[in-house]
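Read through the structure below, which is laid out as structure tokens, and then see the notes.
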Amino acid sequence: MSGIDKYAYQSKLARINAGTKLLFALAAMAICLSFSSVLVSILTIAIMSAATLLIGGCRLRRYIRLLTIPLAFLITGTITIIVGQITQPTQALLSFTLFGSRYGISTDSLKTGIGILLRAFGAVTCLYFFSLNTPMNSFLSLLHRKFPGLFVELMELCYRFIFVVWEEAGKIHTAQDSRLGYDGFIRSLHSLGDLVTNVFLRAFRRVDRATAALESRGFDGSFELLAEQEQSSRLLSGLAIASITFLIIIGLLERLI
């Protein structure tokens, strides 16, 4: 079981209806991305994080550690927006010269970068709320009701074999590292090439064995998914309605003002 799956099964919202959680996450994400508002983005981050931590029961340290992964990519991408070529030095808050051209940070670029960063981070907290509180089986059961079975089954298989490939890569990397396979740049390149090749071959064998096992058990081309009994939550539904209404009101008021 992957880390995200383990956290989702441990959540206090694991048995709550997946459709309610999905609608809440998607509605909050749509509002966060639609309104170009720093305040709405901050409120979205606060609401979704509070729902994950207080209602879902996720540990604060674990949540922060998980958020640092996308946050690192978001900050890296935002830097390229904030730092740009400066045409008028008087507008620069901070500037430097590189290859005869002047680059720096202006007030407009800083506002734009921070706005984009907060909106993207707000969308990430919405996705994390759903993924950290919804087991994969519940999500696939929801998809089975709305999408063709073939699409969902392909998604199930892809999700499963992502971790098969990851497991095989981890074993090979550990074996190579224990034999000083990554001692030096040239040796690291050779080891990386061997890893990619062997991962493909081992994953192919694992898939072949899985196919043989399914056929020996009478596999007829479709998977029967055993869904757990889901419950409704007045607390979550009330929070979702109140939060979405509040975010819309704040966004509209800010536009009017």
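General observations
- Any hit, the range 198-211, residues being modelled with pLDDT under 80, assigned to a loop (DSSP other than H, G, I, E, B) and either over 30 Å from residue 24 (Cβ atoms) or open to solvent by 60 Å² or more (accessible area, probe 1.4 Å) (or both): no
- In summary, residue 86 fulfils each of the numbered conditions (1) modelled with pLDDT of 75 or more; (2) open to solvent by less than 30 Å² (accessible area, probe 1.4 Å) with the single exception of condition (1).
- Members of the range 89-120 that are open to solvent by 90 Å² or more (accessible area, probe 1.4 Å), in a helix (DSSP H, G or I) and at pLDDT below 75: 90, 91
- Members of the range 137-178 found to be within 23 Å of residue 58 (Cβ to Cβ) and surrounded by 14 or more Cβ atoms within 10 Å (Cβ to Cβ), listed by number: 137, 138, 139, 140, 141, 142, 159
- Members of the range 13-32 that are open to solvent by 70 Å² or more (accessible area, probe 1.4 Å) and either aliphatic (A, V, I, L, M) or modelled with pLDDT of 90 or more (or both): 23, 26
- Tallying residues that are open to solvent by 70 Å² or more (accessible area, probe 1.4 Å) and not in a helix (DSSP H, G or I) within the range 33-48 yields 1.
- Filter pass, residue 161 being within 30 Å of residue 86 (Cα to Cα), in a helix (DSSP H, G or I) and touching a residue at least 24 places away in the same chain (Cβ under 8 Å): no
- Test: residue in the range 125-136 that is surrounded by 14 or more Cβ atoms within 10 Å (Cβ to Cβ), small (Gly, Ala, Ser) and in a helix (DSSP H, G or I): yes
The values are calculated or read from the model by the stated rules, or taken from the named source; none is laboratory data. Keep in mind it's a predicted model, so treat the numbers as computed, not measured. Please note: Cβ atoms are built from the backbone with ideal geometry, for glycine as well, and neighbour counts cover all protein chains shown. Quick note on the areas: whole protein, heavy atoms, side chains included, nothing else; ligands and nucleic acids left out. Shrake-Rupley method; radii C 1.70, N 1.55, O 1.52, S 1.80 Å.
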